[in-house]
Amino acid sequence: MSPPKPISTLHYITDRPEQTERACRAGIDWVQLRVKNHTYADWKALAVDTLAICRAFGVRLIINDNVTLAGEIGADGVHVGLTDMPVADARRLLGASMIVGGTANTLDDIRRHHEAGADYVGLGPYRFTTTKEKLSPILGLTGYDHILTACRHEDIALPIIAIGGLDVADVPNLMQIGLHGIAVSSAISRDPAGQVPAFQQALRTNLMIG
Ligand code: TZP
Ligand code: MG
């Protein structure tokens with residue numbers, strides 16, 4: 001097991017260095033580069049550019065899908081989906097100090113990631129979104145609540161991050177049921193300067209209440 005690492009409550013998901021920079025200027029502290037349908041070379045070039053921006057702002061960078069690339073460029077970690085390399089293999093390749101996150105749609109997915117030494121889990125989708133193709137079944141607030149309650153019963157203390165079509169108005173409900181934080185793409189991409197502080201404010205307020 002790797003020691004617990006600080007996991008941000010607000011993850012921004014993007015495939016664009018210029019959007020990363022706008023979000024960094026707006027105060028984001030965690031970016032996940034999620035790139036689809038690129039050659040390894042193009043993907044790596046994007047990742048290197050994005051990492052330079054993140055480093056300039058002291059922001060963590062997580063690479064989606066590609067464990068080799070995350071290790072090669074010296075990112076802060078990797079996020080693996082349900083059809084990517086398993087968390088256990090990512091952990092073996094990247095070692096204890098890098099962040100390894102995994103996607104979950106069910107309690108079983110979370111149990112598996114927990115056993116395998118994940119640092120956090122992205123649980124979703126919360127609601128329908130066009131950002132991701134081949135969406136897993138939508139969980140909604142009730143689905144999240146059932147899964148989080150089961151995790152508590154099983155002493156699974158992994159930080160769980162909600163994802164899928166999220167807006168600032170969703171934050172109170174999500175934090176109240178015990179989520180650690182949220183991952184957002186579209187809402188922040190539309191207006192980083194307005195949305196990053198709005199999400200952060202909502203998260204702070206509801207963490208204090210929750
Ligand atoms: N996994 C489940 S939903 C999703 C991913 C990567 C997309 C989240 O993006 P948005 O635009 O905030 O719905
Ligand atoms: Mg993936």
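A few points about this structure:
- Distance between modelled label sites at residue 68 and residue 152, nm, 7 Å Cα→Cβ extension: 4.4 nm
- Straight-line cross-link reach from residue 5 at under 15 Å between alpha-carbon atoms covers these aspartates and glutamates, not counting any fewer than eight positions away in the same chain: 29, 76, 119.
- The slack between residue 25 and residue 145, meaning 0.36 nm per residue of separation minus the straight C-alpha distance, is 39.8 nm.
- Two-site label geometry, residue 16 and residue 83: point separation in nm, points 7 Å out along Cα→Cβ: 2.6 nm
- Counting only trypsin sites (Lys or Arg not before Pro) that DSSP places in a loop and that have at most 11 other Cβ atoms within 10 Å, the longest clean stretch of the chain runs over 37-133.
- 19 Å reach of a label modelled at residue 5, 7 Å along Cα-to-Cβ, counting backbone N of the stretch 168-203: 180-184
- Gyration tensor over alpha-carbon atoms, the chain, equivalent ellipsoid semi-axes in Å: 24, 21, 16
- For residue 52 and residue 128, a Förster radius of 22 Å and the Cβ-Cβ distance give a FRET efficiency of 0.05, rounded to the nearest 0.05.
- Nearest-0.05 FRET efficiency for residue 41 and residue 205, computed from C-beta distance (R0 41 Å): 0.40
- Extension reserve of the residue 111-residue 193 stretch, reckoned as 0.36 nm per residue once the Cα distance is removed: 25.9 nm
- Taking 18 Å as the straight-line reach from the Cα of residue 36, the lysines in range (excluding those fewer than 8 positions away in the same chain) are 44, 132, 134.
Every read-out reported here was derived from the displayed coordinates using simple, explicitly stated rules and does not represent laboratory data. The structure displayed is predicted, hence computed values, not measured ones. Positions of Cβ are backbone-derived with ideal geometry, glycine not excepted, and every protein chain shown enters the neighbour counts.
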